[in-house]
Amino acid sequence: DLLANKIAAGEVVERPASVVKELLENSLDAGATEILIELQQAGLEMIRVADNGSGIDSSDVPLAFERHATSKILDDKDLFRIQTLGFRGEALPSIAAVSRLQIKTRTSTEQAGTCLHVEAGRITDSTVSAAKQGTEISVQDLFFNTPARLKYLKSMQTELGHVVDFVEKMALARPEVAFRLYHNDRLLLQTPGDGVILHAAAAVYGRELVKQMASVAWENYDYRITGLAGFPELNRANRNHCTFFVNGRYIKSYLLFQAVVNAYHTLLPINRYPVCILHIQLDPSLVDVNVHPTKLEVRFSEEKDLSISVQQAIRSALEQHSL
Ligand code: ADP
Ligand code: MG
């Protein structure tokens, strides 16, 4: 139903960064180890994401553009239990409803791939294509048929900033995946995809900065906490440089941020800010998604316990590291 898709698009697709998010998450769900992201004009003119993942079987390609046809889970509570990032079968139909989209895809078992054009939610063309294994989705003229939505967008610089922030977080979340991000044919970010978080962080923050950080590797019965922590001299804006992933999912957490700040408290020189990337693995039953699954806030059932664990993890990393 085209109208329903357009309405859903209002929730899922707010700005170019939301499109990048959904496409990237699909690529990761498809097991991609290499993902290329290209934007023109901050994504307003074009967003292209190409991956070497599983591809979509030709008979399933049209289904991917039907709402809820592919829903991966039944209940939001399962969010931290499931292994996939997508779960509602809503993203592709929503994006396609507000753009001109082209998909080229091929699975490993197919001889020929599929190429499909969708314009404002309607399939306009479907052909056989000689695509390589994986999926390439191009989204052109985002919001061309929803002018009201266009008006809400901020400057190109701001919109591009949101995309870059998001891709950086993904690159830190998945060091085993090689990411490349281009804007107007200029390379903005490239990670090696060798699984080493230090290398992914070096690509995001710069080699010099990362050299001054300590590795975090701590665990007890409930939590496994890994990553990098330090208080290097920042030459970038000093906001938000603590990034948290829970079971591979990027989250925002004031609780965790406070824990980090507490751990640094006595160690932190004046005018330095904590910089950290923490991956926290825990039993999914210890974390609950707050209200809306697309929101990044979560609720931990053992807050105090987790907070203490994070402090211990950071402290022991910093103590072992001569800064
Ligand atoms: P979901 O919530 O299932 O991720 P989406 O609308 O994002 O819903 O995607 C619809 C379906 O299309 C997915 O479930 C998946 O089967 C398929 N798909 C989308 N993108 C890709 C991709 N890059 N590689 C392989 N399959 C994909
Ligand atoms: Mg998805």
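The values are calculated or read from the model by the stated rules, or taken from the named source; none is laboratory data. Every value quoted in this text rests on a predicted model; they were computed, and no experiment measured them. Reconstructed Cβ throughout: ideal geometry from the backbone, glycine too, with neighbour counts over all protein chains shown.
Below, the figures for the structure above:
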{"read-out": "Qualifying residue in the range 146-153 (condition: surrounded by 17 or more Cβ atoms within 10 Å (Cβ to Cβ) and touching a Ser or Thr at 6+ places or on another chain (Cβ under 8 Å))", "value": "no"}
{"read-out": "Helices (runs of 4 or more DSSP H) within the range 83-201 that include 2 or more residues free of Cβ contacts under 8 Å to residues at least 60 places away in the same chain and farther than 18 Å from L63 by Cβ", "value": "147-152, 156-173"}
{"read-out": "Scan of the range 96-113 for residues that are hydrophobic (A, V, I, L, M, F, W, C) and either near ligand 2 (Cβ under 10 Å from one of its atoms) or over 11 Å from N5 (Cβ atoms) (or both), ordered by number", "value": "L101, I103, A112"}
{"read-out": "Residue selected from the range 4-21 under the condition in a helix (DSSP H, G or I), aliphatic (A, V, I, L, M) and within 16 Å of ligand 2 (Cβ to nearest atom), by the criterion farthest from G134 (Cα to Cα)", "value": "A8"}
{"read-out": "Matching residues in the range 22-57 - criterion: being surrounded by 19 or more Cβ atoms within 10 Å (Cβ to Cβ), within 12 Å of ligand 1 (Cβ to nearest atom) and in a helix (DSSP H, G or I)", "value": "E22, L23, L24, N26, S27, L28"}
{"read-out": "Test: residue in the range 12-21 that is near ligand 1 (Cβ under 10 Å from one of its atoms), β-branched (V, I, T) and modelled with pLDDT under 95", "value": "yes"}
